[in-house]
Amino acid sequence: MQPTKTITLLSSVSEESSRKAYAPGKWTLKEVIGHMTDSERVMSYRMLAIARNESAPLPAMDQDQYVSAANFNKLSWEQLLAGIDTVRSNTLSLISTIDDAAWVRNGTVMNSPVSIGTIAYGIAGHELHHMNVISDKYL
């Protein structure tokens, strides 16, 4: 299961190491985890909105603005890990409530049609992408 593997890997990171970026101008590890958590929250909301037949277009997310405004570096590493674990649990709970008809329903995100299935794959892929970067550049 993806969340267990992620939490297991990240649990070995020290508070000090979590404050480091792999290069100047790059996010710290805390900011990467905060970004992953916020992104999943936004994508889960999009799934919920489409599943519930929302007809209004859903907004974009400026990842740099979110990270800058969140001050993730002020949070403890433990708090960030608990947050990402909780968000994934909530996402899986949401997914379990979506009926077959909703899975093929499209909504509009950033002026483009998107299905719940595409968003769900996007959530998993986003985590996998960042975990590869973390393994290659931070650990």
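A few notes on this one:
- Residue within the range 67-77 that is closer than 15 Å to Y138 by Cα and either in contact with a Leu (Cβ under 7 Å, 6 or more places away or on another chain) or not charged (D, E, K, R) (or both) present: yes
- Residue tally, condition of a type in the set (A, V, I, L, M), open to solvent by 50 Å² or more (accessible area, probe 1.4 Å) and not in a loop (DSSP other than H, G, I, E, B), over the range 1-39: 1
The values are calculated or read from the model by the stated rules, or taken from the named source; none is laboratory data. Computed from a predicted model, the values in this text were never measured in an experiment. A quick note on method: Cβ atoms are made from the backbone with ideal geometry, for glycine too, and the neighbour counts reach across all protein chains shown. The protein model used for the area step is the full one, side chains on, heavy atoms only, and it has no ligands, DNA or RNA in it. Shrake-Rupley method; radii C 1.70, N 1.55, O 1.52, S 1.80 Å.
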